[in-house]
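The values are calculated or read from the model by the stated rules, or taken from the named source; none is laboratory data. These numbers come from a predicted model, not from an experiment. Cβ placement follows ideal geometry from the backbone for every residue including glycine, while neighbour counts extend to all protein chains displayed.
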Amino acid sequence: GWSLEELATRAHLSQSSLSRIENGQRRLALDQLVTLARALDTTLDQLVETAADDVVTSPTIDGAHGRMRWLVKGDPGMSVVRQRMTEPPPENP
């Protein structure tokens, strides 16, 4: 529920850096990854965990916003969701 600005402040990173990380346009050094995990109040293991049973590959449509979302991880009290922010490509360009 934090804004990009709030997370950037907590993680000691710029908002543009966080945005590029989020979009896969930038990679983090290990020390930055540890700082980001601390800023998110989680462990490095939880941040990078990729257990197959936690990944849901079928997207759901957010009816209120018309966006696709993929549940990546769900723990009691916390959910990690991947969301498409752009419109999907046209079917017949």
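Tally up the residues in region 7-25 that are within 22 Å of D41 (Cβ to Cβ) and either within 13 Å of the chain's Cα centre (by Cα) or of a type in the set (V, I, T) (or both), please. Selection size over region 7-25: 6. When you look at R10, is it closer than 23 Å to G77 by Cβ and either modelled with pLDDT under 90 or not hydrophobic (A, V, I, L, M, F, W, C) (or both), yes or no? Yes, satisfied.
Name every residue in region 17-51 that is loosely packed, with under 12 Cβ neighbours inside 10 Å and either over 22 Å from P76 (Cα atoms) or of a type in the set (K, R) (or both), in order of residue number. Across region 17-51, the qualifying residues are N23, G24, Q25, R27, A29, L30, D31.
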